[in-house]
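See below for the structure under consideration.
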Amino acid sequence: MADKMTMTVNGTSLEGTPEAGECLRSYLKRSGFTGVRRGCDQGDCGACTVWLDDEPVHSCLVPAPRCVGHQVTTLEGLAENGELTDIQQAFFDAQGFQCGFCTSGMIMTAAKLGDCDESEYPQKFRGNICRCTGYRAINDAMQGVCNIDRNPGHGGVGCAKALDCSHAVVTGATKYTGDVEPEGMLHVRVVRSPIPHGRIKAIHKEAAEALEGVHAVLTWEDSPKRRFSTAIHDDPRVDADDMLVLDNVVRFTGQRVCAVVAETDSIAQEGCHLIKVDYEPIEAVFDPEEAMKDDAQRVHGQAAESVLLRPRSNVLLELLGGIGDIDAGFKEADFVHETTMQTSRAQHAHLEPHCAIATVDGDQVTVRASTQGPYIAREKIAHIFGLNMLSVRVYKDQIGGGFGGKQEVITEDLAVLAAMKTGRPCKFDFTRQEEFIGASFRHPMKIRVKTGHTSDGTMTAFQMRVVSDTGAYGNHGGETMFSACHEPVSLYRCPNKDIAGYSVYTNNVPSGGFRGYGASQTAHAIETHLDEVAEALKIDPIALRRINVVKEGDGLTAFSGDHGSHEIGSYGLEECMDRLEEIMSQEGGLPDPPAEEGWVCGNGYATAIQGCTPPTVHRSKARIELRPDGEFDYYTGSADMGNGTDTTLLQILAETMQVSTDRIHIHAGDTDGDAYDTGTFANATTFVAGGAAVRAGNAIVEKICKAAAKYAGCDAADCHIVDSSVHAMGKTIPLAELQEHVRKDGRSLQVVRNHQADPSSVGFAAQCVRVAVNRHDGHIRILRSVSIIDVGNLINPMVCRGQIEGGMTQGLGWILSERVLMDDQGKVLNDAIRHYRLPAFADMPPMEIEFTKTHDKHGTMGAKSIGEIGIHTIAPAVANAVHAATGVRFKEMPLMPHTVLKGIQDHDGVDR
Ligand code: FES
Ligand code: FES
């Protein structure tokens, strides 16, 4: 054991004993400092930035013992007597964050920049990554821009209300799951498979079990034998139950094989190193087209073990459908064109890694998790372990980003198993490396689009074939295929459509739900295909879209004529395109490329549609109760992951009840709240949980007014809630007094309301990107990006803009820089942020975003969904702009400089 050591943290002496090899970050976190975060383990993300003797450092790179006798400052050390420092206030006012996970590091870096010009920020912030914001809001903070309404009134719909968590975020007080440590907590680490496919013959665990501090080594023999899907959806039947907590067959390189549960993280890791596993390799298959063949090696074995929805080799889901007569449609066409596109994997890279902490007390199981769907996670835990669902509680608190990556149960199950085996609270969290090798990616899809057109551009036939690599497990493989074959296809009103989609098992790392959820992939293929059609027919690309997009009053058709629950509840697409053309045609609308020789310019366009709910059921319940103090408790099962849903829901409820948001206390994402919600994903929260809030808000107002009328002896129609009272025919009854009166009567003022959005609506977007491409080195510069978005009424304009910017930033990363490298055994080679190339401050162009002024008839208070529409247009718009600039059409992504250069050289016939 190391010696005791002393350092000064935030002006106070801290004495303690570091673990062997412990870094300053881990030591500070273990000592209870929450203003320092763990986003990676290699100095790549900056979330752990603190000051060491007044200099910002990445504390994960500093050995704790090196700080003996030194001064360390964390974010908690900045504000004095509750007074925010100027830089903290600036981040608050600009709302320079969403999930807040990067914010500690951002502020600690920003506070030491001194006098520095705006043009220097990209360089100065090179060590700090934000995955949520797109950096514009951080830039605003540095520039002293205030993005919130300083006098928000009652905080209702339409105001830029600051996120509820803002003060805690800028002071470092937020507690993510990894920041809590119940007494006696043990740590779980796992051994992961080095081979892509094989049967486990033996696990030699004796040495690990003998290690001091190890409490258990868990193998497939300890695992419950109930299969489940890690994907979170309302209806479990839409996903294949193909996963065990621990299995005796491994199906991808990186799959967990066994787990060590120990007193400390480092002992658990050491235990893992002592375990030897014997495997009997099985042939593996990595190419989905190969895996579809009838004689391909089965990823999930023969019938008994198989979970295939169709009796074909490795095809998890086959989606075949269409409308009209596709052959007739092609016959009618004057011009037929076909495009094949391969989209790439991408990592969610939410800065907070997956984490769950489980506690077992008798037959009660409690799990705190970083999850987008606590209620479904509870159902899965109950299913896996054969428990009564009411004996399981799952809850979340602050979440550091999700983007669909936390729509999976991939830590909770093992944390519970460990807690059951040891009787102690157990934490299972992912390292950053595990996020790359053991979590999930965006589904790579091979997409062939073929359309027929009359000579004026009218589409007569639309055919699409999609092959999606779901990887070794089927989580989200089916649902993403429904999305892929639905909305982007329904954007065009062609009478003859023919769709074939195949979601296929391989021995690759599993794919999962990721913002855009399959639709981004096919939108990319369709929108680039249409660009080629426009070029061939010599029609302006926007004009081609104007001819073919759905119009107000149209039904939405894709793989069937049945519109499902989606219909056009408000239509702003024409307005999006009108405004886009107006802006781009203004003087100076098309900036020139850099003056140096070699730069060429081009514009690219894309349009998009996005459903406001998922293809399958999404439900939500809201429970509201008048408290003894006259304020309100509001329970919802939705799980804000940094996307501002708590604040948005509060605004909706405040508007409904005409009560200040300050008087409503939200309790979200806790199954003990008895307010079921399918989860925060698929764009659904404003539409579905928001709808439940409106219903419950109206109901509680009605109930209160009835009670007040009885109390005051008047008519309920004459009663109105005003602030903290009810006004009843000249009488003012404080809500606290009314609550007491009702309570004495043995009643309560509580309501519960459910909502399921049917019909649901769709949002629209149109985008233009102007790029400059350097023909000598392949570099791309975004000169201008303009997006016009139709998402109905804006509940919180600031949150809406942030969601669009966040989505577009992830789309930019997808098309320009993010690339997963795998070897021929499906092993991810670039398993660190530094090798994956997430968009940094320096990469972000200014993004011009405008919203239409539509009001949706199905939406909550006229609002449509905001979370995903931003990602659909940017990738195809960039790809189309690069084509316009270079004449080269790239069929794969990302468009990295060496790829672009090679494309240009091949196109020009240059000898290298
Ligand atoms: S946690 Fe230190 S840089 Fe990422
Ligand atoms: S706010 Fe920056 S990572 Fe979430």
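The values are calculated or read from the model by the stated rules, or taken from the named source; none is laboratory data. Keep in mind that this is a model prediction, so the values were computed, not measured. Backbone-built Cβ (ideal geometry, glycine too); neighbour counts: all protein chains shown. Side chains included, ligands, DNA and RNA excluded: accessible areas come from the protein's heavy atoms. Shrake-Rupley method; radii C 1.70, N 1.55, O 1.52, S 1.80 Å.
Tally up the residues in segment 122-170 that are more than 16 Å from ligand 1 (Cβ to nearest atom) and assigned to a loop (DSSP other than H, G, I, E, B), please. Talk me through it step by step, then tell me what you get.
Within segment 122-170, the first condition is being more than 16 Å from ligand 1 (Cβ to nearest atom), and the residues that meet it are 122-123, 133-170.
Then keep just the ones that are assigned to a loop (DSSP other than H, G, I, E, B); that gives 133-135, 144-165.
The total comes to 25.
Just to be sure I understand, how many residues within segment 42-61 are more than 6 Å from ligand 1 (Cβ to nearest atom) and either hydrophobic (A, V, I, L, M, F, W, C) or open to solvent by 30 Å² or more (accessible area, probe 1.4 Å) (or both)?
Here is the first cut: in segment 42-61, the residues more than 6 Å from ligand 1 (Cβ to nearest atom) are 42, 49-57, 59, 61.
Adding the requirement that they be either hydrophobic (A, V, I, L, M, F, W, C) or open to solvent by 30 Å² or more (accessible area, probe 1.4 Å) (or both) leaves 42, 50-57, 61.
Count: 10.
Give the residue that is modelled with the highest pLDDT, with candidates limited to residues of segment 569-613 that are in a loop (DSSP other than H, G, I, E, B) and within 25 Å of the chain's Cα centre (by Cα).
Of all residues in segment 569-613, those in a loop (DSSP other than H, G, I, E, B) come to 569-572, 585-598, 612-613.
Next, only the ones that are within 25 Å of the chain's Cα centre (by Cα) stay: 612-613.
Numbers: Cys612: 91, Thr613: 87.
Residue satisfying both the conditions and the ranking: Cys612.
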### Task
Go through (1) within 10 Å of ligand 1 (Cβ to nearest atom); (2) modelled with pLDDT under 95; (3) not aliphatic (A, V, I, L, M) and name the single condition Gly21 misses.
(1)
#### Entry: For Thr411: the one exception among (1) out of contact with any His (no Cβ under 6 Å at 6 or more places or on another chain); (2) under 29 Å from Trp814 (Cβ atoms); (3) of a type in the set (Ser, Thr, Tyr)
(1)
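What strands (runs of 3 or more DSSP E) completely inside segment 691-748 contain at least 1 residues that are closer than 18 Å to Glu655 by Cα, among the polar types (S, T, N, Q) and open to solvent by less than 80 Å² (accessible area, probe 1.4 Å)? Explain how you work it out, then say what you get.
Working: elements: 719-722, 725-728, 731-734.
Where strands (runs of 3 or more DSSP E) fall fully within segment 691-748 and carry at least 1 residues being closer than 18 Å to Glu655 by Cα, among the polar types (S, T, N, Q) and open to solvent by less than 80 Å² (accessible area, probe 1.4 Å), they are 725-728.
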### Query
Just wondering, is there one or more residues in segment 107-121 that are within 16 Å of ligand 1 (Cβ to nearest atom), open to solvent by less than 10 Å² (accessible area, probe 1.4 Å), part of a loop (DSSP other than H, G, I, E, B) and in contact (Cβ under 8 Å) with a residue 24 or more places away in the chain?
no
## Note on the structure
Picked from segment 792-838 (must be open to solvent by 40 Å² or more (accessible area, probe 1.4 Å), in a loop (DSSP other than H, G, I, E, B) and more than 26 Å from Ala772 (Cβ to Cβ)), the residue farthest from ligand 2 (Cβ to nearest atom) is Asp824
### Message
Six or more apart or on different chains, Cβ atoms under 8 Å: show the pairs whose first residue is in segment 18-33 and assigned by TED's automatic domain parsing to the domain that holds Met7 and open to solvent by 20 Å² or more (accessible area, probe 1.4 Å) and whose second is within 16 Å of ligand 2 (Cβ to nearest atom) and of a type in the set (Val, Ile, Thr).
### Response
Lys29/Val36
### Query
Which ones in segment 841-861 are crowded, with 20+ Cβ neighbours inside 10 Å and either among the polar types (S, T, N, Q) or not in a strand (DSSP E or B) (or both)?
Phe841, Met844, Met847, Thr852, Thr854, Asp856, His858, Gly859, Thr860, Met861
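Filtering segment 93-105 down to residues that are in a helix (DSSP H, G or I) and within 12 Å of ligand 1 (Cβ to nearest atom), which residue is nearest to Asp646 (Cα to Cα)? Walk me through it before giving the result.
The first filter runs over segment 93-105 and keeps only residues in a helix (DSSP H, G or I), leaving 93-94, 103-105.
The next check asks that each one be within 12 Å of ligand 1 (Cβ to nearest atom); those that pass are 104-105.
Working: Ser104: 21, Gly105: 24 Å.
So, considering only residues that are in a helix (DSSP H, G or I) and within 12 Å of ligand 1 (Cβ to nearest atom), the one nearest to Asp646 (Cα to Cα) is Ser104.
Residues of segment 509-556 being part of a loop (DSSP other than H, G, I, E, B), farther than 21 Å from Glu868 by Cβ and open to solvent by 10 Å² or more (accessible area, probe 1.4 Å), which ones?
Initially, segment 509-556 is screened for residues part of a loop (DSSP other than H, G, I, E, B), giving 509-510, 513-518, 538-540, 550-556.
Checking which are farther than 21 Å from Glu868 by Cβ leaves us with 509, 538-540, 551-555.
Within segment 509-556, Lys538, Ile539, Asp540, Lys551, Glu552, Gly553, Asp554, Gly555 qualify.
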### Query
Taking segment 4-15 as the region of interest, how many residues are at pLDDT 95 or above and either outside any loop (DSSP other than H, G, I, E, B) or closer than 24 Å to Ala268 by Cβ (or both)?
8
### Which listed residue, of Gly39, Gly32, is near ligand 1 (Cβ under 10 Å from one of its atoms) and part of a loop (DSSP other than H, G, I, E, B)
Gly39
### Task
Only one of these is open to solvent by 40 Å² or more (accessible area, probe 1.4 Å), aliphatic (A, V, I, L, M), at pLDDT 95 or above and not in a loop (DSSP other than H, G, I, E, B): Ala173, Ala216, Ala207. Name it.
Ala207
### Task
Kindly indicate whether any position in segment 398-406 is at pLDDT below 95, farther than 18 Å from Gly423 by Cα, within 16 Å of ligand 2 (Cβ to nearest atom) and in contact with a strand residue (DSSP E or B) (Cβ under 6 Å, 6 or more places away or on another chain).
yes
### Task
Sort out which residues of segment 135-188 are over 30 Å from Arg30 (Cα atoms) and either touching a Cys at 6+ places or on another chain (Cβ under 8 Å) or not assigned by TED's automatic domain parsing to the domain that holds Ala111 (or both), and write them in order of number.
Asp149, Pro152, Gly153
### Query
Say we look at segment 404-445 and pick out the residues that are open to solvent by less than 10 Å² (accessible area, probe 1.4 Å) and among the β-branched types (Val, Ile, Thr); which of these is nearest to the chain's Cα centre (by Cα)?
Val409
#### Entry: segment 359-389, subset of a type outside the set (Gly, Ala, Ser), in a loop (DSSP other than H, G, I, E, B) and open to solvent by 10 Å² or more (accessible area, probe 1.4 Å), residue farthest from ligand 1 (Cβ to nearest atom)
Asn388
